[in-house]
Amino acid sequence: MTFKQASIAALMLSTSSLAFADIRIIDTQVGSWVKVTENGKPAANARVSVSNPANRGRVYKTNEHGEVYIPLYTRTSSTLTYSILTEEWNEYTRRSLHTKSFD
């Protein structure tokens with residue numbers, strides 16, 4: 001096998017294991033709904049965490065529809081980073097604006 005053939009084979013193997021996710025975040029006054037689909041299917045039991053100080057260290061799991069509600073309490077509007085880890089060990093991040101919670 002030539003170097004070129006080996007390179008093409010390695011590239012094909014690496015792209016066959018790529019996963020594509022669609023992460024949708026719907027902001028509410030006191031939280032966010034997060035929906036995760038991976039390769040067009042709901043990502044059940046995906047672990048979701050958010051970069052909000054009040055939620056530090058907490059991990060939420062998606063249901064069988066790939067959805068989870070995360071309660072958020074913020075004093076100001078801010079951009080939060082959502083980190084997702086699926087059952088297949090694929091990691092994704094998404095940033096989203098969360099508006100100020102009720103006083």
Item to check | Residue satisfying all of: in the stretch 43-95; farther than 13 Å from SER32 by Cα and among the aromatic types (Phe, Trp, Tyr); farthest from the chain's Cα centre (by Cα) among these | outcome: TRP89
Checklist entry - Does the stretch 27-48 hold any residues that are open to solvent by 40 Å² or more (accessible area, probe 1.4 Å) and under 30 Å from THR76 (Cα atoms), and which are they? => result ASP27, THR28, GLN29, VAL30, TRP33, LYS35, ARG47
Checklist entry - Does the stretch 82-103 hold any residues that are open to solvent by 40 Å² or more (accessible area, probe 1.4 Å), of a type in the set (Val, Ile, Thr) and modelled with pLDDT of 90 or more, and which are they? => result THR93
Checklist outcome for this item: Going through the stretch 52-76 in order, the residues found to be open to solvent by less than 70 Å² (accessible area, probe 1.4 Å), modelled with pLDDT under 95 and assigned to a loop (DSSP other than H, G, I, E, B) are ASN52, LEU72, THR74
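The values are calculated or read from the model by the stated rules, or taken from the named source; none is laboratory data. Keep in mind the model is a prediction, meaning the values are calculated, not measured. Just so you know, the surface numbers come from the protein's heavy atoms only, side chains and all, with ligands and any DNA or RNA stripped out. Shrake-Rupley method; radii C 1.70, N 1.55, O 1.52, S 1.80 Å.
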